[in-house]
Amino acid sequence: MTGFLLRRALGAVVTLLAISVIVYVVFYVTPGNVAQITCGPRCSPEQVHQVSQQLRLDDPLYVRYWHFLEGLVAGQDYSTGTSVEHCSAPCLGLSYQSDQQVTQLILNKLPVSLSLVFGAMVLWLILGVGTGVLSAWRRGRLSERLLTGVTLAGVATPVFVIGLVLMIVVCGQLQLLPFPQYVKFTDDPEQWAWNLLLPWLSLALIEAAAFARLTRASMLETLAEDHIRTFRAYGVGERSVIGRHALRGAIAPVIALNANNFGSAVGGAVLTETLFGLPGIGQELVHAVNVVDLPVVVGMVLVIGFFVVLANAVADVLYAVADRRVVLA
């Protein structure tokens, strides 16, 4: 296990380094004068040149990238025009728009996105896996057809439609919940949960449909295997066959899908965050792309990549826990 974790850690570093190189090349080579955009449309050529020097845009691309890596390890000093600001490691640079440290900006937004994704993940696993297992167990019956139809509708429905319907019905007509407004967990845990309930449901219902379809297909494949027929021949109860043996053999694809969905949802739940007014990573990333705030874009993409890599490493360990036939290599 120790050797596996070390190899995964080394692989994660290499992957994140490759991601940072790709993002740098893609965003810093795109057309457009970053200094002009940062300074504003009314700046004179002299002011634009001064901003370009402050941002080190006159340096070659590889030099700027080296300074970026240097800041991650040892921190870096940045000139903000009137003073010099030290950015402690791991330093992801300063925002072109606000002169705020990108690391601090991400730390301010990250709890919102993690609160949304963790809560939604619990719901989509419960709803999706439960529906998939029940659908496979009741194969060929009316209940199975109904569940299949519901999951297909869930896959086809955009998240903003579900979110709007929930807000109109639950918050507007029935007035069961207040309109969502993010509250920090440390300030009021109860209000934190109540205000995130609708965003959790909106995101979870979409994801649960995919998990239900995958779980059903995997369960049907496992239920057709020889060892399941042997358990039934020996008189093992159907609930025990489904819950203890078939589900354990069918859970590996679900773990893989959950790892990918969790990592991507940290920065990819843009519609959910925008619809419910949650100031998370996804919403900030879209804003940074629109205003060409390249340090923020690069920093946030790296953070999202980190969570994707971390989620897949955890999934590899869970494979071995769920299925003893899997060997960590």
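The values are calculated or read from the model by the stated rules, or taken from the named source; none is laboratory data. What you are looking at is a predicted structure, and each value in this text was computed from that prediction instead of being measured. Don't worry about glycine lacking a Cβ; one is built from the backbone with ideal geometry, like all the others, and counts go over all protein chains shown. Only protein heavy atoms, including side chains, enter the accessible area calculation; ligands, DNA and RNA are left aside. Shrake-Rupley method; radii C 1.70, N 1.55, O 1.52, S 1.80 Å.
Can you give me the long-range amide H partners of Tyr96? Hydrogens built in the peptide plane at 1.01 Å from N, cutoff under 5 Å, separation of 5 or more residues or another chain.
Amide H neighbours of Tyr96: Leu294, Val296.
Suppose R0 equals 35 Å. What FRET efficiency, 1/(1 + (r/R0)^6) with r the Cβ-Cβ distance, do Val73 and Arg42 give to the nearest 0.05?
0.35
Express in whole angstrom the spacing between the alpha-carbon centres of region 195-214 and region 219-298.
Region 195-214 and region 219-298 have Cα centres spaced 10 Å from each other.
Once Cα extents along the principal axes in Å is worked out from the coordinates, which option in (1) 85, 58, 34; (2) 83, 56, 38; (3) 69, 59, 33 does it equal?
Only one listed value fits the structure, namely (2).
For the chain, which whole percent of the accessible surface, found with a 1.4 angstrom probe, sits on carbon and sulfur atoms?
C and S atoms contribute 64 percent here.
Return the FRET efficiency for the residue pair Gln50, Thr15: r is the Cβ-Cβ distance, R0 is 25 Å, and the value is rounded to the nearest 0.05.
0.10
So with the 1.4 Å probe, I'd like the accessible area per residue for the chain, rounded to whole Å².
54 Å²
Can you give the FRET efficiency for Phe306 and Arg248, using 1/(1 + (r/R0)^6), R0 = 30 Å, r = Cβ-Cβ distance, to the nearest 0.05?
After rounding, the FRET efficiency stands at 0.50.
Which far-off residues, 5 or more places away or on another chain, put their amide H under 5 Å from the one on Gly75, with H placed in the peptide plane?
Under 5 Å from the amide H of Gly75 lie the amide H atoms of Ala89, Cys91, each far enough along the sequence or on another chain.
Do you know the relative contact order of the chain, to the nearest whole percent, from alpha carbon pairs under 8 angstrom that are 6+ apart?
Over the chain, the number comes to 21 percent.
Beta carbons within 10 angstrom, averaged per residue: use that to sort the peptides 124-131, 280-287, highest first.
My ranking of the peptides, most packed first, is 280-287, 124-131.
If I model a spin label as a point 7 Å beyond the Cα along the Cα-Cβ vector, how far apart are those points for Val291 and Val122 in nm?
In this crude label model, Val291 to Val122 measures out at 3.5 nm.
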